[in-house]
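Every number here is computed from the coordinates shown, using simple stated rules; none is lab data. Nothing here was measured: the structure is a model prediction, and the numbers come from that model.
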Amino acid sequence: MRTAPTIAIVLGALIVGTVAVGVKMSVSRPKATEPPAPAEEPKQPETPLPAPAPLPPRPTRPTVVDASAPPPAAIPSPPPAPKKAATPKPKQLSEPELMERLRKAQDTDEYQLSYDLAREGLRRFPDSSDAPEMAAMVVKSLARQGKASEARAEAEEMVNKYAGTTWAREVERHTGAHPHVNQVPPK
C-alpha cells in the first residue's frame, strides 16, 4: 500500500523536473525569430556636422483689393426664411366623438390611448352622464396595461364616486373594490 503514494511522488517530481528543464532550455537558447546580433564595427571618431542653415522666411502673398467690388458690409444677407404658420391645435372632440373613439380604443386593445381619452373626457366632462363609463375605462385600461395597483386605486375612487351605477357595479365585480358609504368612523 505504500507503493502507490511513493509512485505518485516520483511521478510528480519527474513532471516538475521535466518542466524545469524545458524552461531552462527555452530561456538559454536564442529564439529562431531573432536575427543574429550584427558584428560591431570599429568606432570612428565622430566629427560634428555643421548646423543647417536657417530657412528663409516664406514669402507672403500680397492682398489685392478690387476697387470696383462693394465693401463686405454692402453685400445683402439672404432673406429670412418665411415664418411657418402656427400649427393649428387639433380639434377638440365633442363628448359623443370622444366616447366613440374611447370605445373603439378599448375594443382594439389600444389601452394607453383609451386611458388618455378617458382621462381627457373626465377632465372636460366631469358631470356628464358618460362620466361613470369613462372612469370605468380608466380602471380597465390600467388593468390591461398590467398596472394592477394603479387600477385598484382608481377602482376604489370610482366605485365611491359613482356608487350604484351600472359601471360601478361592473368595476366592483372585476376588482373587488366596494363603495364605502354609510360608514360611521370607529369611536
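General remarks:
- A quarter of the convex hull surface defined by the alpha-carbon atoms of the range 136-182 gives 2.8 nm² as the mean projection.
- Across the alpha-carbon set of the range 95-174, the Rg to Rh ratio works out to 0.93, Rh being the Kirkwood radius.
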